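Working notes for the structure below.
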Amino acid sequence: MASNTRKRVLLGCTGSVATIKLPQLIDRLRQHNLEIRVVVTEKAKHFLKEAELPPGVQVLSDTVEWAAWQDRGDPVLHIDLVKWADLFLIAPLDANTLGKIASGICDNILTCVARAWNPKKPLVFCPAMNTKMWEHPVTAPQIALLKSWGYKEVTCISKTLMCGDTGMGGMAEVDTIVQTTLRLLNPWDPYSPPDLRL
């Protein structure tokens, strides 16, 4: 892309309570002149209050995708999004969607984008789940598989979770996610903030 062209970030949200941080995450990304579109799973809608999002943010879901396609030749939204975005940021990535992506399942707009994603472009994922889910033996191999494809993990953190438990599984801090996104969008920029979590 030309240096004076705004970079495009497709921000995916899944069914984790960390989706409540979406307005803050979008605000921080927009401070860096990034163009943002949001794609959500149906479960993510439970935690998403669109009225709290910054103006002009486009939120896309299964409902929007299926309404856009009526007949042969009509646009396929998840394919158009893959072509549009420079980077796919999934924050939060819940345990369910982690398992789907690792298994190649694509049964909603977000997982379809992931399945069709161009591996030459960065995909960043930010796990968020209960500590007991994080510690389940299936989680580490799934994370490792995604990383083996070249996807970048922004590691979850230990904190007191919404359920009251304390332990690993909280989504990384918004600033850490933003720093990682900027670093991957501008890998040759010496002024891009470092991210030691990669």
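The values are calculated or read from the model by the stated rules, or taken from the named source; none is laboratory data. These numbers come from a predicted model, not from an experiment. Neighbour counts run over all protein chains shown; Cβ positions are idealised from the backbone, glycine included. Remember, those area values only see protein heavy atoms, side chains included, never the ligands or the DNA or RNA. Shrake-Rupley method; radii C 1.70, N 1.55, O 1.52, S 1.80 Å.
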Query - Pair list, Cβ < 8 Å and 6+ apart or interchain, from segment 31-58 residues that are of a type in the set (A, V, I, L, M, F, W, C) to residues that are in a loop (DSSP other than H, G, I, E, B) and open to solvent by 60 Å² or more (accessible area, probe 1.4 Å) - result: L34/R6
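Is it true that T111 is out of contact with any Lys or Arg (no Cβ under 7 Å at 6 or more places or on another chain), closer than 24 Å to I26 by Cα and either assigned to a helix (DSSP H, G or I) or without any contact (Cβ under 8 Å) to a residue 40 or more places away in the chain (or both)?
It is false that T111 is out of contact with any Lys or Arg (no Cβ under 7 Å at 6 or more places or on another chain), closer than 24 Å to I26 by Cα and either assigned to a helix (DSSP H, G or I) or without any contact (Cβ under 8 Å) to a residue 40 or more places away in the chain (or both).
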Query raised in the report: Can you name every residue in segment 114-133 that is under 25 Å from R6 (Cα atoms), assigned to a loop (DSSP other than H, G, I, E, B) and open to solvent by less than 20 Å² (accessible area, probe 1.4 Å)?
Result: W117
Query - Residue that is farthest from W69 (Cα to Cα) [pool: residues in segment 91-107 that are open to solvent by 10 Å² or more (accessible area, probe 1.4 Å) and in contact with a strand residue (DSSP E or B) (Cβ under 9 Å, 6 or more places away or on another chain)] - result: A95
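Find the strands (runs of 3 or more DSSP E) located wholly in segment 1-90 whose residues include 1 or more that are of a type outside the set (S, T, N, Q) and open to solvent by 60 Å² or more (accessible area, probe 1.4 Å), and list them.
Of the strands (runs of 3 or more DSSP E) lying wholly inside segment 1-90, those with at least 1 residues that are of a type outside the set (S, T, N, Q) and open to solvent by 60 Å² or more (accessible area, probe 1.4 Å) span 8-13, 35-40.
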Report summary line: When segment 134-158 is checked residue by residue, the ones that are more than 15 Å from A95 (Cα to Cα), open to solvent by 60 Å² or more (accessible area, probe 1.4 Å) and modelled with pLDDT of 95 or more are K147, S148, W149, K152
Report task. Only residues that are of a type in the set (A, V, I, L, M, F, W, C), touching a helix residue (DSSP H, G or I) at 6+ places or on another chain (Cβ under 8 Å) and modelled with pLDDT of 90 or more: list them for segment 58-84, please. Result -> V59, L60, L77, I79, L81, V82
**Report entry** Among residues of segment 18-40, those that are in contact with a strand residue (DSSP E or B) (Cβ under 8 Å, 6 or more places away or on another chain) and over 13 Å from A91 (Cβ atoms), counted
**Finding:** 4
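Of the residues T176, T181, which is open to solvent by less than 10 Å² (accessible area, probe 1.4 Å), at pLDDT 90 or above and part of a helix (DSSP H, G or I)?
T181
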Requested in this report: Can you work out which of the residues in segment 91-107 that are hydrophobic (A, V, I, L, M, F, W, C) and assigned to a loop (DSSP other than H, G, I, E, B) is nearest to I143 (Cα to Cα)?
Outcome: I105
